[in-house]
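Colleague: Dumping the structure here so I can ask a few things about it.
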Amino acid sequence: MKLSYIFVGFSMVAATAAFAHSGVKNAAVKARMDAMSSIGAEMKTLGEMTKGVSAFDVSIARAAAASIADHAAETPDLFRAEEDDPKSEATPAIWADFDDFTAKAVALENAARGASSTISSVDDLAPAMKALGETCKACHADYRQKR
């Protein structure tokens, strides 16, 4: 998969997050959506550096990856209760196979933790983005509704 497709995908997610979250009444669903939006925003930060839209800054890149890892680590707890809201994009498959969902969150956390300690130059961004994007896509393919 081309890195540019990953970047475009995360840019679209970040751009529509505010609209998608308006009107969410269930606090648990809102918390999940906010966490996912934070991951998207951090991916956008990394993506913009990767594409040269913003200047590479090792401390910002590592902090973005660390933030993604932190949100990924909290993801299973945020989804443990089967909460719903008309605005939710979570599929029931999450709770039908919670172990797999959790494993995919752990894969994102591990990829992000690795990136947070190994990114040292702009050349490290593309492989990190690829690894992160693949983990996001794997989870979204099974557990996020297409709207």
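Colleague: For residue 130, which of the numbered conditions (1) outside any helix (DSSP H, G or I); (2) within 23 Å of residue 58 (Cβ to Cβ) fails to hold?
Modeller: Looking at each condition in turn, residue 130 falls short on (1).
Colleague: Can you run down the residue pairs with Cβ atoms below 7 Å, 6 or more apart or on separate chains, where the first is in region 83-97 and over 16 Å from residue 26 (Cα atoms) and open to solvent by less than 70 Å² (accessible area, probe 1.4 Å) and the partner is at pLDDT 95 or above and part of a loop (DSSP other than H, G, I, E, B)?
Modeller: 95/82
Colleague: For region 18-60, what are the residues that are modelled with pLDDT under 95 and on the phi > 0 side of the Ramachandran plot?
Modeller: Correct list: 23 only.
Colleague: Check off (1) crowded, with 16+ Cβ neighbours inside 10 Å; (2) touching a residue at least 60 places away in the same chain (Cβ under 8 Å); (3) over 12 Å from the mean Cα position of the chain (by Cα) for residue 28 and give me the number that stays unchecked.
Modeller: Condition (2) is where residue 28 drops out.
Colleague: Consider residue 138 carefully, then state whether it is closer than 29 Å to residue 48 by Cβ, part of a helix (DSSP H, G or I) and either in contact with a His (Cβ under 9 Å, 6 or more places away or on another chain) or open to solvent by less than 40 Å² (accessible area, probe 1.4 Å) (or both). Explain how you work it out, then say what you get.
Modeller: Values: closer than 29 Å to residue 48 by Cβ: yes; part of a helix (DSSP H, G or I): yes; either in contact with a His (Cβ under 9 Å, 6 or more places away or on another chain) or open to solvent by less than 40 Å² (accessible area, probe 1.4 Å) (or both): no.
Spelling it out, it is not the case that residue 138 is closer than 29 Å to residue 48 by Cβ, part of a helix (DSSP H, G or I) and either in contact with a His (Cβ under 9 Å, 6 or more places away or on another chain) or open to solvent by less than 40 Å² (accessible area, probe 1.4 Å) (or both).
Colleague: Tell me, please, whether a residue that is more than 16 Å from residue 70 (Cβ to Cβ), hydrophobic (A, V, I, L, M, F, W, C) and surrounded by fewer than 17 Cβ atoms within 10 Å (Cβ to Cβ) can be found in region 105-121.
Modeller: No, there is no match, as no residue in region 105-121 is more than 16 Å from residue 70 (Cβ to Cβ), hydrophobic (A, V, I, L, M, F, W, C) and surrounded by fewer than 17 Cβ atoms within 10 Å (Cβ to Cβ).
Colleague: Could you list, in sequence order, the residues of region 58-85 that are of a type in the set (Val, Ile, Thr) and touching a Leu at 6+ places or on another chain (Cβ under 7 Å)?
Modeller: Our first condition is that a residue be of a type in the set (Val, Ile, Thr); within region 58-85, this holds for 58, 60, 68, 75.
Listed by number, the list holds a single entry, 68.
Colleague: So which residues in region 108-125 are in a helix (DSSP H, G or I) and farther than 20 Å from residue 38 by Cα, if there are any at all?
Modeller: 118, 122, 123, 124
Colleague: Moving on. Of the residues in region 70-82, how many are open to solvent by less than 50 Å² (accessible area, probe 1.4 Å) and either of a type in the set (Asp, Glu) or in contact with a Pro (Cβ under 6 Å, 6 or more places away or on another chain) (or both)?
Modeller: Number satisfying all stated conditions: 0.
The values are calculated or read from the model by the stated rules, or taken from the named source; none is laboratory data. Keep in mind the model is a prediction, meaning the values are calculated, not measured. With ideal geometry, Cβ positions are generated from the backbone for all residues, glycine too; neighbour counts draw on all protein chains shown. When the accessible area is computed, the model is the full protein with side chains, heavy atoms only, and any ligands, DNA or RNA have been set aside. Shrake-Rupley method; radii C 1.70, N 1.55, O 1.52, S 1.80 Å.
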